[in-house]
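The values are calculated or read from the model by the stated rules, or taken from the named source; none is laboratory data. Computed from a prediction, not measured in an experiment: that's the story for all the values here. Heads up, the Cβs are rebuilt from the backbone with ideal geometry, glycines too, and the neighbour counts pull from every protein chain shown. For accessibility, only protein heavy atoms count, side chains too; no ligands or nucleic acids. Shrake-Rupley method; radii C 1.70, N 1.55, O 1.52, S 1.80 Å.
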Amino acid sequence: MRNRSRWPLVAATLLLAVAPSIASAQVTITDPWVRGTVAGQRATGAFMKLTATGNQKLVAAASPVAKIVEIHEMALDGGVMRMRAIPKLDLPAGKPTELKPGGYHVMLMALDRTLAEGETVPITLTFEDASGKRQTVEIKAPVKPLTADMRKP
């Protein structure tokens with residue numbers, strides 16, 4: 001009988017142990033990378049693919065290498081391609097959303113140093129679900145050469 005009385009405690013402990021992996025599975029982040037910089041360059045972009053299991057929003061980002069980190073989009077405005085900060089990026093359930101050069105991306109500004117190919121940049125992404133609950137996920141994005149993926153969308 002003693003073992004049965006421990007069962008609720010064991011079950012609760014197991015649930016708490018797996019809860020973080022369940023939460024982090026709400027958004028899958030693949031192929032993250034940051035474009036390298038040259039001396040004196042104060043901004044660059046971070047790119048990746050985001051796939052949410054349920055409707056989510058990317059609402060914020062942060063990195064220790066940049067004083068300012070924003071979610072950006074590039075869009076045609078009167079025949080001119082313009083980049084601007086957006087307050088959130090909708091991530092429809094099950095549909096991959098690609099952050100890529102010439103489109104949506106995470107902008108790292110006021111960099112504290114040059115970012116060289118082969119380094120890894122930590123980035124913390126904040127997601128919000130339909131109920132308003134927020135979750136943060138830290139990724140490690142490798143730095144690629146300045147000329148990486150210069151294709152247009």
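Just so you know, in segment 73-98 the residues that are assigned to a loop (DSSP other than H, G, I, E, B) and not aliphatic (A, V, I, L, M) include one that is surrounded by the most Cβ atoms within 10 Å (Cβ to Cβ), and it is Lys88.
Filtering segment 120-144 to residues that are open to solvent by 50 Å² or more (accessible area, probe 1.4 Å) and either more than 11 Å from Leu58 (Cα to Cα) or assigned to a loop (DSSP other than H, G, I, E, B) (or both) leaves Thr120, Ala130, Ser131, Lys133, Glu138, Lys140, Pro142, Lys144. Scan segment 52-72 for residues that are among the β-branched types (Val, Ile, Thr), touching a Ser or Thr at 6+ places or on another chain (Cβ under 8 Å) and crowded, with 19+ Cβ neighbours inside 10 Å and jot them down. Val69 - this is the single residue of segment 52-72 that is among the β-branched types (Val, Ile, Thr), touching a Ser or Thr at 6+ places or on another chain (Cβ under 8 Å) and crowded, with 19+ Cβ neighbours inside 10 Å.
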